[in-house]
Amino acid sequence: MSELPPHGLVVAIIGPDGSGKSSLSAELADSLGGERLYFGSGDGSSSWLRWPLKTTRRLVEWIKPPTTTAAEPATTSAGSPPARPPIQRAARALWALTLAREKAAKLNRAQRLRARGRVVVCDRYPQNQVAGINDGPLLAHWQSARSSIPRALARWERRPYDRATDEPPDLVLRLVVSQDVAEQRRPDHDPADLRRRRSIVASLHFDHPTCPVVDIDADRPYEDVLAAALHAVEHRRADAAGLSRTLLVELTGVPGCGKSTRAAALRIRLHAAGVTASEPMARIGPDHRLRVPVKVMAASAEMVRHPGDARRVLLAIIGTRQPTTSQTAKRALNLLAKQHLLRRARRRAGVHLIDEGTIHEVCAVRYRAGHDLDRPVLERALVAPDVVVAIPVDLTIAARRLEQRASRHSRVQDGDHDIGAELSRWRDLVDDEVSRWQDANPSLAVVDDDDLDVLLLSPPAPTRSATGNFGTIDDSRVSTG
């Protein structure tokens with residue numbers, strides 16, 4: 001029997017200048033076998049869009065070195081940013097917008113890696129509590145501008161910062177450093193600025209119930225700080241692998257195999273066993289009276305919150321050359337709406353049973369496609385399940401069930417095609433799609449329907465590997481009600 005995939009973790013390290021964020025994040029990621037993402041605007045990694053701006057800024061500073069090492073205040077006493085010449089304001093706006101786009105892309109990457117069971121260590125993390133400093137939005141003052149264009153740019157820039165608040169990391173490590181130590185480590189910084197940044201970091205709060213904050217005394221020797229950070233991460237990983245586990249379980253099979261019935265029955269069994277379970281796609285199912293407006297709202301939310309991924313979905317579907325424009329629109333609406341619902345489910349602990357999810361919709365896109373699907377583009381934008389369950393059925397029984405349905409929402413019922421042949425074709429598509437997703441996501445668990453109840457309802461004890469990381473855990477990863 002297959003095992004559940006490992007639980008990923010996003011760890012954010014925050015702290016004032018001189019606290020050792022960069023050194024700790026690099027070594028922590030290396031120790032955990034994870035990936036480090038730099039969310040700051042300094043000398044860390046940056047996107048190709050912001051690289052020319054960084055190069056230009058360094059060139060200007062080399063030609064005309066700053067006369068003081070003190071950082072300029074984020075706002076004046078009146079609450080607005082310091083006055084700058086027009087060209088500097090334009091440059092700062094371009095910098096802020098490219099930085100916001102970069103942060104959004106890194107947030108997407110962090111969530112994708114987390115979904116694949118990876119540990120992601122973030123050097124800094126976006127926040128929307130204090131603007132203009134400490135990884136906060138830089139154009140917040142434009143929200144009250146007279147012109148609609150600056151207000152729109154400020155709203156666009158703020159999106160990744162708001163998203164980082166709505167989708168917080170699994171653990172925040174706050175490095176606490178004294179003023180004396182900070183000044184010793186940063187002798188070229190203005191003491192008043194260091195004091196202000198220490199105060200801001202101390203005031204940041206993360207109120208999400210699944211985001212604990214651990215304060216670490218960064219005045220101590222580095223070895224002690226690293227040990228404390230590793231201990232906090234392992235403790236949080238144990239919690240995440242236990243009661244706070246989020247599991248996306250997609251039931252796959254030909255239309256009429258009983259995916260919806262199986263999902264509903266399993267949800268009832270899980271509830272009876274004290275396990276939190278839901279069916280995220282029930283709101284847009286064929287029997288839901290408001291499914292169309294719900295789909296439209298969900299797809300719109302996906303395009304607003306994840307415009308890059310939404311664009312990739314649209315381009316990939318358009319590239320398949322669906323038979324009609326309406327089919328193209330329908331495929332895009334369904335896939336975008338379901339991605340939004342899956343992202344929402346991913347943020348809630350429990351077992352989420354999906355009867356027509358990502359794999360089903362990709363099969364629907366390929367079913368009548370006139371051109372091959374651009375898989376690398378599409379897979380990069382989609383939310384992958386943690387577990388895939390194959391629901392077997394005799395094709396004759398599936399065809400009889402489809403004939404008895406009041407609705408004809410299945411794609412195999414389009415036109416006057418032979419139902420048996422269409423079901424056989426769909427089954428081949430599902431088998432191929434599951435195999436492709438498993439190749440692309442090694443942590444994806446593919447199980448038979450007979451094994452699903454055992455997998456979810458028979459919890460063995462957690463195990464620890466030789467490296468000190470938690471190994472695969474079955475039902476102990478599932479949230480209890």
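Structure summary
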| item | result |
| --- | --- |
| Of residues in the stretch 387-440 being within 21 Å of Glu361 (Cβ to Cβ), among the charged types (D, E, K, R) and outside any helix (DSSP H, G or I), the one modelled with the lowest pLDDT | Arg408 |
| From Leu194, Leu204, Leu226, Leu248, residue being in contact (Cβ under 8 Å) with a residue 12 or more places away in the chain and touching a His at 6+ places or on another chain (Cβ under 8 Å) | Leu248 |
| Every residue from the stretch 154-192 that is in contact with a helix residue (DSSP H, G or I) (Cβ under 7 Å, 6 or more places away or on another chain) and of a type in the set (Gly, Ala, Ser) | Ala154, Ala164, Ala182 |
| Residue tally, condition outside any loop (DSSP other than H, G, I, E, B) and acidic (Asp, Glu), over the stretch 92-149 | 2 |
| Residue list for the stretch 140-157, restricted to those being surrounded by 21 or more Cβ atoms within 10 Å (Cβ to Cβ) and at pLDDT 90 or above | Ala154, Glu157 |
| Long-range neighbours under 6 Å by Cβ, at least six apart or interchain, first residue closer than 19 Å to Arg118 by Cα within the stretch 381-405, second part of a loop (DSSP other than H, G, I, E, B) and among the aromatic types (Phe, Trp, Tyr) | none |
| Val225 outside the structural domain of Val389 (by TED's automatic domain parsing), outside any loop (DSSP other than H, G, I, E, B), of a type outside the set (Gly, Ala, Ser) and under 30 Å from Leu382 (Cβ atoms) | no |
| Selection count, the stretch 165-213, where residues are in contact with a Pro (Cβ under 6 Å, 6 or more places away or on another chain) and at pLDDT below 90 | 3 |
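The values are calculated or read from the model by the stated rules, or taken from the named source; none is laboratory data. Every value quoted in this text rests on a predicted model; they were computed, and no experiment measured them. Virtual Cβ from ideal backbone geometry, glycine too; neighbours counted across all protein chains shown.
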